[in-house]
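Before any comments, here is the structure.
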Amino acid sequence: MTMRQETSFPDSRSNGCTNDHAAILPRAIREGSALYRTSLGIGHGRLCICRPNHLNCLSAKEWLKGQLGVWQFNYEGRDIRDKKVHPATFPISLATRVIELFTHEGELVLDPFVGSGTTLVAAQDTERNAVGFDLQQRYVDVSESRLLQKDLFAGTSQLAVYDDASNVAEYLEPGSVSLIFTSPPYANLLNRQRRNKSRRDRKNDQLGVVEQYSQDPRDLGTMPLESYSSAIGGMFARMRGLLRPGAHCVVNVPDMWWENQRVTIHISVVEALREAGYELRNTIIWDRTNIVNRVGIFGWPSNYITMGTTFEYLLDFWNPPDNG
């Protein structure tokens, strides 16, 4: 496979970094580049003037929005909703709220399963540094394209890396990450033909489509739930050393239905991350009813099933502070 080389762009501030790479980071890194599997030296220091003990840069009024346990969001023109581009996306506004709630301007956000790059776009909008990883070159290409639509000479850097997230420690410094925010693959639950039972208009262009992320055996989206839980736990355990003490890790997952049984992905994620040393702090419901169109009568008239397409979980963990 021919890999493209990255293009370097100047950056006006180092954001507390001492590594010389901080001023010339590209929008994407691929195998064969000079920065592939090397320490990036990406900025992670605050650019704001907030007090040291503040969690974020929000005002009291803005903070109040995050106190509600049920969140709703709307899509905008820059959002990707085409499942042919990516099978599972979320709005920029969702990523923006999470990033603004748990970080300060200039701090570093990590998305180990970056997909179409929405986390990176939200970080760019909010003046946070960010790195995302993906096994699929086409998703890194999409992320890079979205990032190039805005100013390249801002004081922060956002980039997508074409690599396995298991290698993230080769790129980032221990304790440099202030937020992990991601929506991981849903085990092998997309590797099946769609029946569109949850949609009123079943005979649309998604009927019979298999929406898998890839067929790469390293991809969590190809694994049965038991292997998935073990793999995701090990991956987050390795990333915990990159997350500063007291910093948060927010994971977006749904539950799904398989052969008339509810597959509780969110419980598997909670158990896996607790085993990896994270502490669950909050469970937020992402209420999607305002963006789901033409919902079908799922289960009627004999089997009551709550629609998995109308809500998802935002599981808020943190890396417990060292109080010793």
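The values are calculated or read from the model by the stated rules, or taken from the named source; none is laboratory data. Quantities reported herein were computed from a predicted structural model and do not represent experimental measurements. Because the Cβ atoms are built from the backbone with ideal geometry, glycine has one as well, and the counts that use them run over all protein chains shown.
At-a-glance table
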item: Output for segment 107-138, where each listed residue is small (Gly, Ala, Ser) and more than 20 Å from residue 247 (Cα to Cα); result: 115, 116, 117
item: Residue that is nearest to residue 177 (Cα to Cα) [pool: residues in segment 39-71 that are crowded, with 16+ Cβ neighbours inside 10 Å and in contact with a His (Cβ under 8 Å, 6 or more places away or on another chain)]; result: 42
item: Inter-residue pairs, beta-carbon under 6 Å, first touching a residue at least 24 places away in the same chain (Cβ under 8 Å) and farther than 25 Å from residue 235 by Cα and in segment 274-297, second β-branched (Val, Ile, Thr) and loosely packed, with under 15 Cβ neighbours inside 10 Å, 6+ apart; result: 287/70
item: Looking only at segment 72-85, and only at residues there that are of a type outside the set (A, V, I, L, M, F, W, C) and without any contact (Cβ under 8 Å) to a residue 60 or more places away in the chain, the one that is surrounded by the most Cβ atoms within 10 Å (Cβ to Cβ); result: 79
item: Any hit, segment 249-256, residues being crowded, with 18+ Cβ neighbours inside 10 Å and closer than 16 Å to residue 174 by Cα; result: yes
item: Residue within segment 213-234 that is at pLDDT below 90, among the acidic types (Asp, Glu), buried (at least 17 other Cβ atoms within 10 Å of the Cβ) and assigned to a loop (DSSP other than H, G, I, E, B) present; result: yes
item: Subset of segment 104-127 [part of a helix (DSSP H, G or I), touching a residue at least 40 places away in the same chain (Cβ under 8 Å) and over 19 Å from residue 168 (Cβ atoms)]; result: 121
item: Unmet requirement for residue 90, which otherwise passes all of (1) part of a loop (DSSP other than H, G, I, E, B); (2) under 23 Å from residue 244 (Cβ atoms); (3) within 11 Å of the chain's Cα centre (by Cα); result: (2)
item: Sole exception among (1) closer than 26 Å to residue 185 by Cβ; (2) without any contact (Cβ under 8 Å) to a residue 24 or more places away in the chain; (3) among the polar types (S, T, N, Q) for residue 96, by number; result: (2)
item: Every residue from segment 283-313 that is assigned to a loop (DSSP other than H, G, I, E, B) and among the charged types (D, E, K, R); result: 288, 294
item: Check on residue 174, under 25 Å from residue 230 (Cβ atoms) and surrounded by 20 or more Cβ atoms within 10 Å (Cβ to Cβ); result: no
item: Looking only at segment 268-301, and only at residues there that are on the phi > 0 side of the Ramachandran plot and surrounded by 13 or more Cβ atoms within 10 Å (Cβ to Cβ), the one that is modelled with the lowest pLDDT; result: 299
item: Residue within segment 141-154 that is small (Gly, Ala, Ser) and within 23 Å of residue 73 (Cβ to Cβ) present; result: yes
item: Segment 128-183, residues that are hydrophobic (A, V, I, L, M, F, W, C) and assigned to a strand (DSSP E or B); result: 130, 131, 133, 159, 160, 161, 177, 179, 180, 181
item: Candidates 148, 207, 172, 243 - the one that is at pLDDT 90 or above and in contact with a Lys or Arg (Cβ under 8 Å, 6 or more places away or on another chain); result: 148
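For every residue, the table says whether it meets (1) in contact with a strand residue (DSSP E or B) (Cβ under 7 Å, 6 or more places away or on another chain); (2) within 30 Å of residue 246 (Cα to Cα).
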{"site": "282", "(1), (2)": "yes, yes"}
{"site": "287", "(1), (2)": "yes, yes"}
{"site": "291", "(1), (2)": "no, no"}
{"site": "305", "(1), (2)": "yes, no"}
{"site": "314", "(1), (2)": "yes, yes"}
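Here is a yes/no grid of residues against (1) surrounded by fewer than 24 Cβ atoms within 10 Å (Cβ to Cβ); (2) within 23 Å of residue 248 (Cβ to Cβ); (3) modelled with pLDDT of 95 or more:
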| position | (1), (2), (3) |
| --- | --- |
| 118 | no, yes, yes |
| 125 | yes, yes, yes |
| 130 | no, yes, yes |
| 138 | yes, no, no |
| 152 | yes, no, no |
| 159 | no, yes, yes |
